[in-house]
Structures are given as C-alpha cells and as structure tokens.
1. Quick one: what pairs do we get from segment 391-418, first residue in contact (Cβ under 8 Å) with a residue 24 or more places away in the chain, second of a type in the set (F, W, Y) and part of a helix (DSSP H, G or I), C-beta under 6 Å, 6+ apart or different chains?
2. Check segment 448-463 and report whether any residue there is touching a Lys or Arg at 6+ places or on another chain (Cβ under 8 Å) and open to solvent by less than 70 Å² (accessible area, probe 1.4 Å).
3. Would you say S410 is open to solvent by less than 70 Å² (accessible area, probe 1.4 Å), assigned to a helix (DSSP H, G or I) and of a type in the set (S, T, N, Q)?
4. What is the number of the single condition among (1) under 18 Å from R87 (Cβ atoms); (2) open to solvent by less than 20 Å² (accessible area, probe 1.4 Å); (3) not in a strand (DSSP E or B) that G270 does not meet?
5. Does Q277 count as surrounded by fewer than 19 Cβ atoms within 10 Å (Cβ to Cβ) and more than 31 Å from the chain's Cα centre (by Cα)?
6. Search segment 492-518 for residues that are closer than 16 Å to S449 by Cα and pair each with any residue that is open to solvent by 80 Å² or more (accessible area, probe 1.4 Å) when their beta-carbon atoms are under 7 Å apart and the residues are at least 6 apart or on different chains.
7. So, of the residues in segment 369-396 that are open to solvent by less than 10 Å² (accessible area, probe 1.4 Å) and not aliphatic (A, V, I, L, M), which turns out to be farthest from I475 (Cα to Cα)?
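The values are calculated or read from the model by the stated rules, or taken from the named source; none is laboratory data. Computed from a predicted structure; not experimentally measured. Glycine gets a Cβ as well: all are built from the backbone with ideal geometry, and neighbour counts include every protein chain shown. Surface areas here come from the heavy atoms of the whole protein model, side chains and all, with no ligands, DNA or RNA. Shrake-Rupley method; radii C 1.70, N 1.55, O 1.52, S 1.80 Å.
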Amino acid sequence: MDMYLTHVCLWTTLLSVVVTWAISHVSNRRKKTTKLTDTTAGQERRYGGPDVIIVGAGVGGSALAYALAKDGRRVHVIERDMSEPVRMMGEFMQPGGRLMLAKLGLQDCLEEIDAQKSTCLSLYKDGKKAVVPFPVEDNNFPYEPTGRTFHNGRFVQRLRQKASSLPNVRLEEGTVKSLIEEKGVIKGVTYKNSSGEETTAFAPLTVVCDGCFSNLRRSLNNNDAEVMSYQVGYISKNCQLEEPEYLHLVMAKPSFTMMYQLSSTEVRCGVELFPGQIPSIANGDMTNFLRNTMAPQVPPKLRKIFLKGIDEGAQIKVMPTKRMAATLSDKKGAIVLGDAFNMRHPSIASGMMVLLSDILILRCLLQPLDYLGDTNKVSEVIKSFYVIRKPMSATVNTLGTAFSQVLIASTDKAKEAMRQGCYDYLSSGGFGASGLMALLGGMNPRPLSLIFHLFVVTLSATVQLLSPFPSPLGIWHSLRLLGLSMKMLVPHLKAEGVSQMLFPAYAAVYRKTYMTATTI
C-alpha cells in the first residue's frame, strides 16, 4: 500500500511538472508571437523612416499629410517649391468641398486669406439673366450651402502651415526624380534636395500628388491627358462687383466668360478659347481680342470691371484645360491622387472638391491598418477606394464634360438647342434648377440624378426643335440632339463603369463612408 501511494505521488508530481512546463511554454510562445507582431507592425518605425511619402505639397499633398499624421502616421512630404504658388486654377471651393474640408479638420484654412462667400450662379445669355442659388433647404446636405473664392496660393500656404505644425510631418523642399521600384512594388523615391544633393527616401506607401503636369504619373499609369481648351485669365484690382456673392457666367462666343470676386478688392476675369484660336499675348493681339471681341458680349454692369484689368495692363495668363480618366496602377506600394490621377473640365470648378473627397475616403480605409508595409492589404484598400469614390468622381466628370459642351456657341441647330435648353432649365427655377445646382456644388453626388437632369434638358431642347409643329428637318435635328446627349454620357459610362454609375447602392456606400467619417 505504501509502495502504491509512493508511486501515485511520484506520477502526480511528474504530471504537475509537465503541465506546468506546457503552460509556461504556451504562455512564452504567446508572448513571443505578440512581440513579433508588435515588431512587425512597427518595422518602418524601428529605422526612423516614415510611414508615407507624399510627392507634392499642394492642396492634396498638404491635406493628406495632415489627415494621415492626425491618425498617427509619420509623413514625409517632398515639394518642389515651397514659395506661395501663383496660379489661376483652384480658386473656387464648392459647398461639397467645404464639407470635406471640415471633415478633415481643415476648415480654418479658408480663414485669414480674404476668401469670399459665393451663394449663387448668375447666368447670362442673349441679354437675359438667370440667378440660380445653391439649394438652401437640402436635408441631405449637412453643411452651409455656400462656396468660397480665394487666391489658391494663400490657401495652399495655410494648408502647408497646418500640416507642418504636426510633429510627425516632415515638409521638405526637393525635386523628386523617380520612383524606386523593386519587383513591381514601389519602395520610395529618388529626389534632389534643396542643397542640390541627390538622395533617397523609403516608406511602405508612396502617394504621388504632384498636379496636372506630373512627371511621375507615367511611372504608375498609362493614361494620357487630353487638352480640351485654354483658360485665359487676369485680375482686375481695386474693384468690387455689384453682386460679389455671385459667380457670373456669360454664355458668350466662342465660349463662356467667367467673373467672380477673388478677394475683397480683386475680381477674376476669364474666358475660354480653343486650340488654334489663341491670340498672341506678346504682340498685344490677346489684349485687343479681349477688348474688342469679348468685352462687348459682357453685360454692361460687368463690362467696366472686365475692361479695368485690360486697361491697367494686368498680367494675362493662359492655362490648358485637360481631361483625363482615372485608372488604377498595377504596381503596389503607391497611389496617385489629384490632377495627376483624374481631371475634368474646370468650368464646374470641382477639382479640389473631388480631391478632398478622395483624401477623406482613403484616410477612412487606411485607418484600420496598423502596418502599411503589407502591400496586399494596402492594394485591397486602394481597389476599394477606387470603387467607393465613383459616385462623386463619376458625377463631377460627366457633369464637367456636359456643361463645358453646352457652353460652346455654335451655328449647329442641335448644339444651340442644347445650349438654350440648359439655360432655360436653370432659369426656370424649381426642382430642376436646384437639383442641377446640388450636383454642381457636390451636395448630391449621384450619377443617376445627373442622368435624369441630362435627359430632361435633352427633352426640353427637343420640344424646342419640334415647335410649333414637327418637320422633317426638326426631327433630324432632334435625332442629332439625342446623339449629342449620348456622346456626353456614354464615354463616361465606359470609363467610370456602368454599374457604378447606374446602381444606387454605390452612391449609398459613398455617402455612408464620408458621412460616418470621424471629423479630425
């Protein structure tokens, strides 16, 4: 019996030792696994490197740097020129853009730059005027329905200051020469710093956001930008419009003339011209063209200010307007944003709004990822981003094409009927005008809504062509008009995706993404 008890005690002791060792071993393995996971999640931080490299510190680069840095990312921004930009694009922020700016915690960047409030579009055609406000009673839009005009350079400098105020943002002046690629994965960039030394920077994610003249786009995408027309602009100083809160759009010949209050004492004047029709600035032909051809078409109450800048020798600038569909890169570890990624006609002034929308979506999708070095996970995020952005981008891109086309004067009866139909639709007020202005302002980014309004404008113009009674020529022009409408729509259906434009579920996902995004 004693021998039996002794054996039992020995086996019990041995078993307890084994169990204790097993528990200890499992516990240690768990600790090691956790430690390895933590180490992996912080690989890029161990060596003092950034999480993200951003090429370009314009509106997009600066806003993205701030958003990602607020989420705890370490961001290295490389900008070719840190001085205040002087340009005539990017001077209007739509109401939808202001909402995105507020969601990113950057709404104060529109302060202290003498930005002007915009509440309406004032449209002129053949001596008539239509005032179309942004819809005030839009329950689906949770922000003040007004836009802002401002000097782009001042706005950019405010964004840069805000981004650089964060300790985990490094803003450096330098010129990026190329992307560093290894087995189809972008690892970083080669750049020349302000001292002229060529150096490199590495990060798990590289964002190319260097504008419409990007020299890195072709390294990632094979899409080409199409030059549609040219914007000619100058500033009339020491003056104020009678209605400074209106964007004044004149449906002139050959295309539109735009005037708006740029600051409290300056008015931006601009006209659209087409390739092969650009008078020389150097020999004074452009000045004569503006004075003798365009000024007489400007309404009398605006004409004095339009001529003021010309008479005072204001600097006249010419910029190409480009269109480029967005495409995803096959290479991992990088993403392209802004005008380097997607462009549309600037007549609807929505470039910055789409860009800020893209940044908000990308930030929301990246937030759950602790480690950006997992290229497969980041690639899935980028693919999701490309789909979720479609309701906003597809609406704006299609609207930009359609609106720019109806602004062009023509002797073609079908085209002129569409032009007149658009003016009549906006001047009629009511549901149609407010709905179209909600689309224009980024307050209702739904492609189906745009298709509906385009159909109604086409129908209205068709009725005009067939009045007072149908004729063979009227029917012929009506069919051509229908073809013009399809030409505005079909290329975008192909480029953006039929399902993304026609299925309401995509618009619902987009709205949920930006509405539920936590304000920084």
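1. P391/Y506; P391/Y510
2. To start, the set of residues in segment 448-463 that are touching a Lys or Arg at 6+ places or on another chain (Cβ under 8 Å) comprises none.
The answer is no, given that none of the residues of segment 448-463 is touching a Lys or Arg at 6+ places or on another chain (Cβ under 8 Å) and open to solvent by less than 70 Å² (accessible area, probe 1.4 Å).
3. Numbers: open to solvent by less than 70 Å² (accessible area, probe 1.4 Å): yes; assigned to a helix (DSSP H, G or I): no; of a type in the set (S, T, N, Q): yes.
Answer is no for this residue.
4. (3)
5. Answer is no for this residue.
6. Cβ pairs passing all conditions: A507/R446.
7. Quick first cut of segment 369-396, residues open to solvent by less than 10 Å² (accessible area, probe 1.4 Å) only: 372, 378, 385, 389-396.
If we keep only those that are not aliphatic (A, V, I, L, M) as well, we get 385, 389-391, 393, 395.
Working: F385: 44, R389: 39, K390: 36, P391: 34, S393: 35, T395: 30 Å.
Top of the filtered list is F385.
Quick grid of which residues meet (1) surrounded by fewer than 16 Cβ atoms within 10 Å (Cβ to Cβ); (2) among the charged types (D, E, K, R); (3) outside any loop (DSSP other than H, G, I, E, B):
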site: A282; (1), (2), (3): yes, no, no
site: T287; (1), (2), (3): no, no, yes
site: L302; (1), (2), (3): no, no, yes
site: K308; (1), (2), (3): no, yes, yes
site: A314; (1), (2), (3): no, no, no
site: I335; (1), (2), (3): no, no, yes
site: M353; (1), (2), (3): no, no, yes
site: L356; (1), (2), (3): no, no, yes
site: R363; (1), (2), (3): no, yes, yes
